[in-house]
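Bear in mind these aren't lab numbers, they're just calculated from the coordinates by the rules spelled out. Just so it is clear, the model here is predicted, and its values are computed rather than measured. Positions of Cβ are generated from backbone atoms using ideal geometry, with glycine treated the same way; all protein chains shown enter the neighbour counts.
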Amino acid sequence: MPIPALRILGIPIHDVTLDEAVEQAAGWVKEGGAHQMATVNPEFVMAARRDPAFRAVLEGADLCLPDGVGITLAARYLGRPLRERVAGVDLVEALAARAAQDGWRVFFLGAAPGVAGRAASVLAARYPGLTVAGTYAGSPRREEEEEIVQRVREAGADVLLVAYGAPAQDLWLARNLARTGAKVGVGVGGAFDYIAGVVPRAPRWMRRVGLEWLYRLIRQPWRWRRQRVLPLYAIQVILSRWKAR
Ligand code: UDP
């Protein structure tokens, strides 16, 4: 069954729940091929509007998950409410749980040296039976691509999680996923940092009321550069409803 998609400022977003995303991944692992997931937040939308290559990657992705309260609020405002917000870190947890159960091999690529390994160990302890195909920081630089593709291929990964931040991780996957042999590739942003405990996640109440972005800004003030597009995002979403009338 095709997954229902809507568009926010022209960028596709799929209306899937966390459970459905994992189920979808399970289908892809079974059937083979290379399938890409992106965890789309408002910064992605604004970046993709300016960057045709990033936009093409999101258009081509098999699943664009609604990550961030800015996406769910915009969808509701535009009259196409989404059922759930699916955060990248929650997806990684849920995929790890399913991988442990179904025997998928998971490769953790990206983040600062040592962080992917730590995140993998945390998940392996939490989900006994999880097979870690490999962990590697590497970098999204083109010169390293061949070597990294070979590593993942030799590791026999079913699922490849890539934490290079957007858009680097998503462009990387679009260029290389098929060559790695992994059946599912996911751009996971800062998920390894949270799981490894390098960066604390916002308390549950803040996430519930939609203030995770504020917590991230307070903990990592350099984010203002990335988040400064958010007011413009809000204005453009409001204008887009007006134009659609
Ligand atoms: N990162 C990396 N190499 C790079 C740039 C980023 O490994 O060249 C990692 C960084 O260490 C972090 C992740 O990519 O683990 C991106 O995190 P961020 O919180 O910026 O992602 P977001 O969730 O905001 O997209």
Counting residues in region 2-131 as N, plug N into 2.2 N^0.38 Å and put the Cα Rg over that result. 1.11
Under the classification rounded if a/c is under 1.5, otherwise prolate if a/b is larger than b/c and oblate if not, where does the chain fall, given a ≥ b ≥ c as square roots of the Cα gyration tensor eigenvalues? prolate
Using a Förster radius of 35 Å, what is the FRET efficiency between ILE238 and ARG204 based on their Cβ-Cβ separation? Nearest 0.05, please. 0.75
Got a sec? Which residues in region 21-59 would a label at ARG83 touch, if it sits 7 Å along Cα→Cβ and we count backbone N under 17 Å? 21-27
Taking R0 as 30 Å, what FRET efficiency do you get between ARG223 and GLU31 from their Cβ-Cβ distance, rounded to the nearest 0.05? 0.20
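I'd like the per residue volume of the convex hull spanned by the Cα atoms of region 137-235, given in cubic angstrom.
About 137 Å³ per residue, rounded to a whole number.
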